[in-house]
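Quick notes on the structure that follows.
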Amino acid sequence: MPEAVQAAPATAAPAAEISYLEAITRALREEMERDERVLLLGEDIGIYGGAFDATDGLLERFGPARVLDMPLAEAAIVGASIGLAVEGLRPVAELQFADFVANGFDQLVNVAAKMHYRQRQAVPLVLRLPCGGGFSGGPFHSQNPEAWLMQAPGLKVVAPSTPADAYGLLTAAIRDPNPVVFMEHKRLYRAARGPLPEGGHVVEIGRARIARAGDDLTLVTYGAMVQLALDATAALDASIELIDVRSLVPLDLDTIATSVAKTSKVLVLTEATRSAGAGAEISALIAEHCFEQLDAPVRRLTAPDVPIPFSPPLERAVLPQAEDVAEACRGLLAY
Amino acid sequence: MKSSPTPVPAAASPAPEGLTLEDRTNLLRYMLLMRRIEERGLSLYRQGKVPGSFFDGRGQEAIPAGSAFALAPRDRLCITCRDLAAHLIRGVTPRRVFAQVMGLADGITAGKDGNVHFADPALGCVSMTSMLPDMMPVTCGLGLAAKTHAEDRVALTYHGDGATSNGTWHEAMNFAAVLRLPCIFILENNQFAYSTANDTQFRVHPLARAEAYGMTGVTVDGNDVEAVFAVTREAVERARAGEGPTLIGAETMRMHGHGAHDDMRYVPPELLERWAVRDPIALQTERLRALDVDVDALTAEVQAYVDAELALALQSRPPDPATALDGVFAELQPERLGDGNAPWSRYGGTVMGRA
């Protein structure tokens with residue numbers, strides 16, 4: 001993995017705050033302590049503790065029967081998770097990078113996702129996908145492939161932006177009776193820090209969060225773009241409501257529509273590429289359901305339809321930047 | 001590998017260990033059940049009562065019958081498209097199979113999926129998908145679950161010769177061997193993957209790869225139901241003893257097209273003729289007649305049972321279109337897979353259709 005990810009500086013924070021990565025590890029550990037059916041499988045997750053340290057210490061704590069290092073075989077990892085799930089276990093599989101879901105895609109979208117519809121057989125598994133760019137990971141370590149997964153009926157897809165949501169959504173995902181894809185953004189692992197509510201915090205899958213209330217414009221986003229958008233719009237001379245959708249499937253249209261009814265203008269922001277993406281789906285839903293409330297066209301700010309390039313100037317040119325967000329907001333506010 | 005059959009005098013072969021005469025008769029019974037159901041299914045297809053196409057395992061009945069017969073109720077299966085007898089052994093009734101292929105509400109998937117794309121989880125089975133060998137990794141998971149639960153279960157699945165070219169096959173073979181899983185993979189080499197013959201599919205016979213992966217590989221005459229039983233039983237014992245997975249290579253011939261729509265123009269007629277004399281039902285019939293079993297009475301009993309089941313299935317209704325949107329997501333926590341029927345005398349399960 002690229003050094004830049006591990007080298008991301010931890011910002012000084014009060015002791016009560018934990019990082020996004022620590023929240024993931026803690027959710028895994030606490031669910032494994034609470035429920036002996038929960039087990040982890042993936043590549044390099046045991047002795048090494050995971051490519052990003054998400055499972056650090058869990059092999060020592062729970063032993064090799066519950067933290068399983070797997071051969072480099074994503075189809076086998078996802079498929080074995082299905083077999084474990086129908087036998088009463090609660091597998092949480094890690095693929096090293098979200099990009100590698102392509103190698104396990106068939107098992108995920110054809111076997112796991114369709115099983116309940118076809119057979120009334122629930123498949124409770126969690127697939128953790130470290131996603132996202134911004135650290136010169138290049139075309140195979142930087143993608144945000146959530147749209148591939150949103151196209152597969154039967155999969156739930158969540159994408160937390162804060163440590164509290166990472167913990168609460170991962171906990172909910174492990175307890176959910178369906179296959180849940182957990183998109184964890186690599187850039188947030190150490191950069192995102194925040195408090196973790198006490199006492200078994202669970203975030204219901206399918207509920208958006210108002211990250212900041214406002215009246216003039218609704219900005220809908222998720223994952224690493226949430227903090228980027230908060231920072232980018234803080235200095236704008238406008239009241240911007242920022243919605244962190246958190247869950248892409250199912251999607252909380254009510255929260256979005258309520259906000260649009262108030263602001264009448266919407267910017268949909270994704271780090272993922274543009275066409276037929278999560279942003280396209282959200283935009284279409286707003287157009288269908290909120291047309292009468294809109295005072296401006298729904299705008300999308302996304303990566304363009306290109307692979308994510310390696311070199312920093314090229315990558316910056318592709319991924320949405322803070323100044324792009326501010327510019328898009330100014331344009332909409334002036335419309 | 002054998003690309004053409006070697007005739008053997010079946011009647012002369014001794015009974016495999018553990019099989020009573022009644023067991024040997026029941027092996028024939030399940031093959032007859034499968035063939036009768038599939039013959040009637042093909043008729044329904046020609047009458048326009050089966051949407052899509054119809055897929056059968058004519059000529060391959062010995063493989064699912066012999067292998068599934070060797071399993072205990074607690075064992076698990078992922079059954080594929082030429083293996084109807086395995087479903088019957090586990091306890092799926094013919095009426096549910098007929099309703100399934102006709103896309104009716106009483107089918108196992110209630111019309112959500114068709115033909116042999118089904119399984120009854122309550123009987124310890126996980127439903128196949130069209131992409132083969134997709135069930136091999138799932139079978140690995142079932143085996144891994146048995147290890148995790150410290151339960152004495154084995155998991156068995158089937159695949160064809162074409163599936164051995166697919167990357168998922170290699171992942172699962174390696175995975176099962178590395179983890180020493182209690183899994184049995186049965187390769188049904190029926191000589192053709194749709195129209196693609198073995199010599200276009202692989203340079204090295206897949207069974208020869210078993211050792212390279214680090215698992216036991218056994219070849220068997222896939223048209224001899226008792227031989228299939230015997231090798232499966234041995235594989236089950238190895239798996240239960242912690243000796244890991246087995247690849248069983250069952251040589252056979254697909255005597256029908258890939259589906260009912262396929263006229264098999266690519267199969268040399270003389271190849272079909274050579275295999276026709278090795279029909280698995282005829283072989284077992286010959287054996288049992290030599291032991292004074294009344295095969296005609298058995299056949300009549302099976303046919304009457306299947307026909308009565310079909311009459312019941314024809315009373316099933318089409319699914320309500322409103323149900324098309326149901327069940328994409330589970331609302332409830334799942335039940336574990338249940339245990340299935342096991343008619344082998346060792347386990348004393350129910351024997352299907354016995355008058």
Determine the dipole magnitude for the range A:183-335: charges of +1 sit on the beta-carbon of Lys and Arg, -1 on that of Asp and Glu, nothing else is charged, the reference point is the Cα centre, and the result goes in debye to the nearest 20. 400
How far, in degrees from 0 to 90, does helix A:278-289 lean away from the longest principal axis of the Cα atoms of chain A, to the nearest 10? 50
Would you mind computing, in nm to one decimal, how far apart the modelled labels at A:Asp237 and B:Ser43 are, each placed 7 Å from Cα along Cα→Cβ? 8.6
Cβ neighbours within 10 Å, averaged per peptide: list A:34-47, A:184-197 in order, most packed at the top. A:184-197, A:34-47
Globularity ratio of the range A:209-333, using Cα Rg and 2.2 N^0.38 Å: 0.99
Translational D (Stokes-Einstein, µm²/s) of the protein assembly as shown at 4 °C and 1.567 mPa s when Rh comes from the Kirkwood sum over C-alpha pairs? 48
Counting only other chains, and only Cβ atoms inside 10 Å, what mean value do you get across the residues of A:68-76? 6
Across A:105-112, the residue-averaged tally of Cβ atoms belonging to other chains within 10 Å stands at 4
Which helices count as membrane-span-like in chain B under these terms: full DSSP H, at least 15 Å along the axis by C-alpha, Kyte-Doolittle mean of -1.0 or more? B:21-46, B:135-149, B:167-178, B:225-240, B:280-290, B:295-313
Cβ neighbours within 10 Å, averaged per peptide: list B:24-36, A:216-228, B:215-227 in order, most packed at the top. A:216-228, B:24-36, B:215-227
Taking the Cα centre as origin and putting +1 on Lys and Arg beta-carbons and -1 on Asp and Glu beta-carbons, what dipole magnitude results for the protein assembly as shown, to the nearest 20 debye? 760
Charges on Cβ only, +1 for Lys and Arg, -1 for Asp and Glu, centred on the Cα centroid of the range A:196-335; of A:Ala257, A:Pro312, A:Gly279, which one is farthest towards the dipole's positive end? A:Pro312
Hits among lysines - C-alpha to C-alpha of A:Lys114 under 16 Å, sequence gap 8 or more where chains match: A:Lys156, B:Lys112
Kirkwood Rh in Å, taken over the range A:13-195 so that all alpha-carbon pairs contribute: 16.1
Hey, in the GNM for chain A with a 10 angstrom Cα cutoff, which one of A:Pro124, A:Pro71, A:Pro250 fluctuates hardest? A:Pro71
Reduced Cα scattering model of the range B:54-167, Debye log10 I(q)/I(0), q = 0.10, 0.12, 0.14 Å⁻¹: -0.28, -0.41, -0.56
Highest average packing first - A:251-261, A:94-104, Cβ atoms within 10 Å: A:94-104, A:251-261
Regarding chain A, what whole-number volume in Å³ per residue does the convex hull of its Cα atoms give? 130
Rounded to the nearest 10 degrees, the helix A:322-333 long axis (Cα) sits at an angle to the longest Cα principal axis of chain A of 40
Inside 10 Å of the C-beta atoms of B:148-156, what's the mean count of C-beta atoms belonging to other chains? 2
P(r) histogram, all alpha-carbon pairs of the range B:80-126 included - 5 Å bins from 0, percent: 5, 26, 36, 27, 6
Cα-based Rg of the range B:262-351 per 2.2 N^0.38 Å, rounded to two decimals? 1.77
In the P(r) worked out for chain B, what percent of Cα pairs fall beyond 34 Å? 21
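Only the coordinates and a few stated rules stand behind these numbers; no lab work does. Since this is a predicted model, take the numbers as computed values, not measurements. Neighbour counts are summed over all protein chains in view; Cβ atoms, including those assigned to glycine, are modelled from backbone coordinates with ideal geometry.
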